[in-house]
Amino acid sequence: MHPIKVSLQFYARNIESLLLLSAVIVLPFLLVHNFTINYVNFIAALTGAKIVAGFFNLFLLLLFLMIVQIPFAQFVQSHLDGDERPVRHAFRTFLEYGFSVFVFGLVYVLLVTTGMFLFVVPGLFILVWFYLTPYLVVMKKQPVWRCWKKAFDMGKRHFFSIFGVILLASVMEWVISLIGLFTVTYITTSFGAVLFTQLLLNVIIFPLIAVIFTMYTHQWMSEPSKAEGMERLEG
């Protein structure tokens, strides 16, 4: 079965646990991101350094994205392994590998954002080549320094598939956020209501995106065992 279809089924069956992980882990990162970016945009408006604000926004967003993927990848992997406590294991894995992925993410995101702002294309290539690193760290239970090369090899082999999923996820999030924005502003123009709606939609959408990438990574890692894992998720 196609990974996206399996992901939708998995998300529907485990939505309570996924939203719990998202509320505890993703929401705080979103709040920090929004608060920081609003402050940076305010400073940029006073100084005229809008390009710096754009650079910092992309940098912070990608950095947080790298870290918050960890618990969702582990949650899916726990189900594949038949773990009876997937939520607890997801939190434990986040605490175990979060800092090392954060350190890797600093270098990775700096290269991506620099490439994006200078030449665009190099930034896109770096983004795709190493995007699966957090997923491989979780699935292989190995340090980042042993996984980034494997992520690079996988990124080269499945470049267009990874880029396509990133593009699909971005469009999906943009469309849903736009619909939510128009819906809320039709009722009220309150900044708090708009912000709350955007945060809520991201908390709901992000787990699905992470599940989709986890399913694809699992498929690409071990084709022989793919069928068995998918059957377990469908059962």
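The values are calculated or read from the model by the stated rules, or taken from the named source; none is laboratory data. This one's a predicted model, so the numbers in the text were calculated from it and none came from an experiment. A quick note on method: Cβ atoms are made from the backbone with ideal geometry, for glycine too, and the neighbour counts reach across all protein chains shown. Accessible surface is based on the protein model in full, side chains and every heavy atom, while ligands, DNA and RNA are left aside. Shrake-Rupley method; radii C 1.70, N 1.55, O 1.52, S 1.80 Å.
Computed values, structure above
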item: Local electrostatic count at L132 - Lys and Arg +1, Asp and Glu -1, tallied over other residues with Cβ under 12 Å; result: +4
item: Accessible surface, per residue, of the stretch 44-197 when the full set of protein chains is kept, probe 1.4 Å, Å²; result: 54
item: Probe 1.4 Å - accessible area at W129, Å² to nearest ten; result: 70
item: Accessible surface of the chain, 1.4 Å probe, proportion on carbon and sulfur as whole %; result: 71
item: Tail weight of P(r) past 18 Å, computed on alpha-carbon pairs of the stretch 42-171, percent; result: 58
item: Taking N as its residue count, the alpha carbon Rg of the stretch 103-235 over 2.2 N^0.38 Å; result: 1.26
item: Whole-Å distance, taken between Cα centres, linking the stretch 56-116 and the stretch 180-194; result: 31
item: The chain: calculated mean residue ellipticity at 222 nm from DSSP helix runs of at least 4, using -39500 (n - 2.57); result: -29500 deg cm²/dmol
item: The stretch 1-54 - convex hull of alpha carbons, volume per residue in Å³; result: 96
item: Calculated SAXS-style log₁₀ I(q)/I(0) at q = 0.15, 0.29 Å⁻¹ - the stretch 58-119, Debye, Cα scatterers; result: -0.52, -1.08
item: The stretch 77-235, relative contact order [Cα under 8 Å, separation at least 6], %; result: 18
item: The chain, Cα convex hull volume normalised per residue, Å³; result: 129
item: Theoretical gain in end-to-end length, L111 to T188 [0.36 nm per residue, Cα-Cα removed]; result: 23.7 nm
item: All-pairs Cα distance distribution in the stretch 34-80, expressed in whole percent, bin size 5 Å; result: 5, 20, 20, 14, 11, 9, 8, 6, 4, 2, 0
